[in-house]
Amino acid sequence: MVSSVAREEEEREGLRGLGHIAFIGVLAVAAAAVFGIARWIDNSYAFFAAYVVVQYIVLGTAWNILGGYTGYVNFGITAFFAIGAYSSVVMYKLTPWMPLPVMILVGGVLAALVGLGTGYLTLRLRGVFFSIATLALAVVVQTLITNWDFVGGARGAYVLRPRLAPLIGGEYIQYLFLVMLGLCVVSLATARAIERSALGYGFAAIRDDEAAAEASGVPTLKLKLIATALSGGFMGMAGAPLPYYVTYLDPASGFSLNYAVNAIAMPLIGGTMSWVGPLIGAVFVGGLQEYIRASSLYTYFDLNPAFGVLITGVLMVVFVILAPQGIVGLFKRKPR
Amino acid sequence: MTGSLDLLVNAVISGLLLGGFYAAVSIGVAISFGLLDIVNIAHPAFILLGSYVAYLANVYLGLDPILATVIAMPFFYLLGMALYQIYYVAFERRDDQSLRGLSFFFGILFIAEVGLILAFGVDLRSVQAWYVSGNLDLRVIELPWRLLVPFALGLVMVGGLQLFLSRTFVGRAIQAVAQDQQALRLMAANPTKIKRIAFGISLATASLGGAAMIIVIQAIEPSIGREYIGRIFAICVLGGLGSFPGMVIAAVTLGVVENLTATFLGPSWAPAVSFGVLLITLAVRPSGILGR
Amino acid sequence: MSALLHVERLSKRFGGFTALQEVDLEVQAGERLGLIGPNGSGKSTLVNCICGTLRNEQGSVRFDGVEMNWLTAHQRTRRGLARSFQLPRPFGSLTLAENLRIPILYTVNARDGQALAGPALLARCLELLAQVGLADKAHRLPRDLTQIEMRKLELARAMAAAPKLLIADEAMAGLSHAEVDEIIALLIRLNGQGVTVIMIEHIMRAVMEFSQRLAVLVAGRKIADGNPKDVVRDPEVVRAYLGE
């Protein structure tokens, strides 16, 4: 919630003044431009790298709806993300003709339902209990999937990537990137729409003081459940294309802690109070990780690939301590 | 029938012993969360750190793992005090605990885990000591030493800390700060200093807990920590925050239930047990068995 | 005519400690009730139980003819039961105007046919702020306010919920003589508009000026309830305040 003079007085100016449809339009144009440039560069690797960054924009935005807006920390990102990924694996095995967008929707709905279930059991209590429950949830979902032979269990599952991209032609990875861009537009637009709506105000009230919110008429449990469902749902949707991206999915990589740390670190570093934060965070941190990986730092210092993610963790802790408002906060004008 | 009765009895008994080990690793969180209301989800990472200390001392210095971690305790204590100081200045004082405090500890957990991976790799590590293998033969039953010793360690730790809390001035001050900080201030004791000491103690227990862990689990690697977050917090919540006896009962209960599940349904279901216990407790009786 | 608020044999325990013991209280529509009692007598606990922030073990709360026991706090607020908190609890990341937006969005707008939106909504927020003298700080954050201003915001937020019954929990603590008068006048004006008000206070002057009826709570029990002038002369009340 950009709660300063900026909102009421500059409502008409710039990006802030756009209605929802217009905003989606702007994002869609930007996304199309990004895709067009990528297509023109025509470098497979660029698509793979860009996919990851856009995926993290979605994950970070999803986390932020429950975390930054409502104040409830979800540590079980891997659970929701993997539910999306593995529901795609199941559909790939049972109904391989299913178009990817449908798989994404199914993954999202499943993840949202799990989020609702967990939330219903734990959201009536203190926020910390919800957070701990999400941590345990991640381990449990991982256990369940590791024991499920149909999706390959511990050995993993192979998914064949179609050779040709539907609709647009070219390599399939381009299609994956396009789909993820679309999901990104939807998630950012949703986050922004929430921010300005009664729902968003309700979330902010819960975050700032839940008892006072309740006393002011805010149906806190209902709103928290909505936030959890939305958040989990988008995470599931972000995970659904993953099997096609990696072609080999095993629990060790699907449930990698890296996803969780990045999904939390990026909004915290970018800024949790608005939809812009996760976007900036994903681009900044994702770009940084990519740079470290691609640069000669690794070979020069003989570093483990885990180093890039370690830097992210350290950055997160530093930002949480020193810059609680994130990058967005560093650049925000102080209200008079 | 005797076959499966034997199995049942064995499962229950080793579950009880396992419970003692669980108490050893949970006592730290019983202090930091139960008494200080600090959600240190990074605690298992420090336990693992203790395990690696035991490993290094054992392999390179030939030291007994428990002895090594006892020697390491003062360092863990100091580390705990430093960590609390950062937490206090950054979060508690600003009264901004929930989101950022949790993220802080999550970050610490992650950094510790990756740090351990970078330092030691993902290979399994274990220690050598006389109690790592072999059983205590009581004729009626055989108790594996590798469970028995950590069980004893756990009881000693809990018993010792309970005595410390009730008999010493600092211990009683810690109990006081858990209940009423304002009153403590009026008694001219500094709550922040007391909390710092308590948090230091919490982390010091992680050192010994680490020895217990590597003895029981035998083969440790950095990602094991995460499995224990759910277990430890399930135990503390089930036992009731602020109650050591409750925590022990909960630890033993969880040990037995988990072991029974592992024996009759398969070991891979064990992590689900603690989650189930946690959820049920939160849904039915969030104050736990003996909670305030 | 049945009372607007009917509290019957309300009891609340915290572990071994009994905070409220079989408290009976009736408030008629349009009344101005004062509630006093020494510190720790359970006044805030009573408010919390009436409003649903805490669950009472025993007894019932009937508001506007409806049994409240199974309703959550926000449901009770929507039905017209609002309160201000003794220690102000503002929404720290929202401006003052936005702070008032919350109860309007979630209480007033939830009632049929009354929804406010856009400029009308903002206007209402500003109007309410003006009533407590905070209109010039409408776009500031609560952390820029003095303690006293935060109390006024707290009151304004309760008023924003357009309640039938408003419980003002020690809203005047620490205010100057003039400011106390301001708040009394505000509450009387509110009462004149048809809002029933329960004033919980330590400032006897305010309570005497304001209340049509006075109730006294000591150690979790109601020991007096009636005409203010009679109540303050009641020997048990005097003893409770001045000690043996």
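The values are calculated or read from the model by the stated rules, or taken from the named source; none is laboratory data. On a predicted model such as this, the values are computed, not experimentally measured, just so you know. Note: ideal-geometry Cβ built from the backbone for every residue, glycine included; neighbour counts use all protein chains shown.
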Item checked: Conditions (1) under 27 Å from B:Pro150 (Cα atoms); (2) modelled with pLDDT under 85: number failed by B:Arg94 -> (1)
Next item on the list: Please indicate, with yes or no, whether at least one residue in the stretch B:73-92 is buried (at least 21 other Cβ atoms within 10 Å of the Cβ), under 24 Å from A:Leu135 (Cβ atoms), more than 14 Å from every other protein chain (Cβ to nearest Cβ) and in contact with a strand residue (DSSP E or B) (Cβ under 9 Å, 6 or more places away or on another chain).
Entry: no
Next item on the list: Check off (1) touching a residue at least 40 places away in the same chain (Cβ under 8 Å); (2) surrounded by fewer than 24 Cβ atoms within 10 Å (Cβ to Cβ); (3) within 12 Å of another protein chain (Cβ to nearest Cβ) for C:Gly118 and give me the number that stays unchecked.
Entry: (1)
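So how many residues does the stretch B:130-142 have that are within 24 Å of the chain's Cα centre (by Cα) and either among the acidic types (Asp, Glu) or surrounded by fewer than 17 Cβ atoms within 10 Å (Cβ to Cβ) (or both)?
Just the residues of the stretch B:130-142 that are within 24 Å of the chain's Cα centre (by Cα), to begin with: B:130-133.
Those left that are additionally either among the acidic types (Asp, Glu) or surrounded by fewer than 17 Cβ atoms within 10 Å (Cβ to Cβ) (or both): B:130, B:133.
Number of matching residues: 2.
Test A:Phe319 against the stated conditions and say whether it is among the aromatic types (Phe, Trp, Tyr) and at pLDDT 85 or above. Reasoning before the result, please.
On the way: among the aromatic types (Phe, Trp, Tyr): yes; at pLDDT 85 or above: yes.
Yes, satisfied.
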Note to self: Looking only at residues that are part of a helix (DSSP H, G or I) and surrounded by fewer than 17 Cβ atoms within 10 Å (Cβ to Cβ) in the stretch A:247-282, which one is farthest from the other protein chains (Cβ to nearest Cβ)?
What the structure shows: A:Ser253
Next item on the list: Filter the stretch A:168-223 for residues that are free of Cβ contacts under 8 Å to residues at least 24 places away in the same chain and outside any helix (DSSP H, G or I) and give the result.
Entry: A:Ile168, A:Gly169, A:Ser197, A:Asp209, A:Ser216, A:Gly217, A:Val218, A:Pro219
Next item on the list: Kindly list the number of the only condition in (1) over 30 Å from C:Ala178 (Cβ atoms); (2) free of Cβ contacts under 8 Å to residues at least 24 places away in the same chain; (3) β-branched (Val, Ile, Thr); (4) more than 10 Å from chain A (Cβ to nearest Cβ) that fails for C:Thr72.
Entry: (4)
Check: List, please: which pairs have Cβ atoms under 8 Å, are six or more places apart or on different chains, and start with a residue in the stretch B:211-240 that is at the interface with chain A (Cβ under 8 Å from one of its Cβ atoms) and under 22 Å from B:Leu124 (Cβ atoms) and end with one that is among the hydroxyl-bearing types (Ser, Thr, Tyr) and buried (at least 24 other Cβ atoms within 10 Å of the Cβ)?
Finding: B:Gly230/B:Ser274
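What number of residues within the stretch B:200-230 satisfy the criterion of being in a helix (DSSP H, G or I) and under 26 Å from B:Val277 (Cβ atoms)? Show your work before the answer.
Our first condition is that a residue be in a helix (DSSP H, G or I); within the stretch B:200-230, this holds for B:200-217, B:224-230.
Next, from what is left, pick out any that are under 26 Å from B:Val277 (Cβ atoms): B:202-203, B:205-206, B:208-217, B:224-230.
Count: 21.
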Next item on the list: Of the numbered conditions (1) of a type in the set (Asp, Glu); (2) without any contact (Cβ under 8 Å) to a residue 60 or more places away in the chain; (3) more than 14 Å from every other protein chain (Cβ to nearest Cβ), B:Asp64 fails exactly one; give the number of that condition.
Entry: (2)
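If I filter the stretch A:131-149 down to residues being more than 9 Å from every other protein chain (Cβ to nearest Cβ) and part of a helix (DSSP H, G or I), which single residue comes out as surrounded by the fewest Cβ atoms within 10 Å (Cβ to Cβ)? Working first, answer last.
To start, the set of residues in the stretch A:131-149 that are more than 9 Å from every other protein chain (Cβ to nearest Cβ) comprises A:134, A:141, A:145, A:148-149.
Going one step further and asking which of them are part of a helix (DSSP H, G or I), we end up with A:134, A:141, A:145, A:149.
Details: A:Thr134: 26, A:Val141: 23, A:Ile145: 24, A:Asp149: 9.
If we take residues in the stretch A:131-149 being more than 9 Å from every other protein chain (Cβ to nearest Cβ) and part of a helix (DSSP H, G or I), then A:Asp149 is surrounded by the fewest Cβ atoms within 10 Å (Cβ to Cβ).
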Next item on the list: Return yes when A:Tyr158 is among the hydroxyl-bearing types (Ser, Thr, Tyr), closer than 16 Å to A:Leu242 by Cβ and touching a residue at least 40 places away in the same chain (Cβ under 8 Å) and no when it is not.
Entry: yes
Next item on the list: Starting from residues that are aliphatic (A, V, I, L, M), closer than 20 Å to A:Val106 by Cα and not in a loop (DSSP other than H, G, I, E, B), keep the ones in the stretch A:150-167 and report whichever is farthest from the other protein chains (Cβ to nearest Cβ).
Entry: A:Ala157
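In the stretch C:137-161, what residues are aliphatic (A, V, I, L, M) and at the interface with another protein chain (Cβ under 10 Å from one of its Cβ atoms)? Full working, then the answer.
Of all residues in the stretch C:137-161, those aliphatic (A, V, I, L, M) come to C:138, C:141, C:145, C:148, C:150, C:153, C:155-156, C:158-161.
Correct list: C:Ala138, C:Leu141, C:Ala158, C:Ala160, C:Ala161.
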Check: Taking the stretch C:208-233, which residues are in contact with a helix residue (DSSP H, G or I) (Cβ under 9 Å, 6 or more places away or on another chain) and farther than 18 Å from C:Glu26 by Cα?
Finding: C:Met208, C:Glu209, C:Ala219, C:Lys229, C:Val232
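Look through the stretch C:75-109, keep the residues that are within 7 Å of chain A (Cβ to nearest Cβ) and hydrophobic (A, V, I, L, M, F, W, C), and return whichever of them is surrounded by the fewest Cβ atoms within 10 Å (Cβ to Cβ). Don't jump to the end; show me each part of the working.
Restricting attention to the stretch C:75-109, the residues satisfying the condition of being within 7 Å of chain A (Cβ to nearest Cβ) are C:77-78, C:83, C:85, C:89, C:91-95, C:98, C:101-103, C:105-107.
Going one step further and asking which of them are hydrophobic (A, V, I, L, M, F, W, C), we end up with C:85, C:91, C:94, C:102, C:105.
Values: C:Phe85: 23, C:Phe91: 28, C:Leu94: 21, C:Ile102: 27, C:Leu105: 25.
If we take residues in the stretch C:75-109 being within 7 Å of chain A (Cβ to nearest Cβ) and hydrophobic (A, V, I, L, M, F, W, C), then C:Leu94 is surrounded by the fewest Cβ atoms within 10 Å (Cβ to Cβ).
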Note to self: Out of the residues in the stretch A:58-98 meeting the condition of being closer than 13 Å to A:Ser274 by Cα and of a type in the set (Val, Ile, Thr), tell me which one is farthest from the other protein chains (Cβ to nearest Cβ).
What the structure shows: A:Thr61
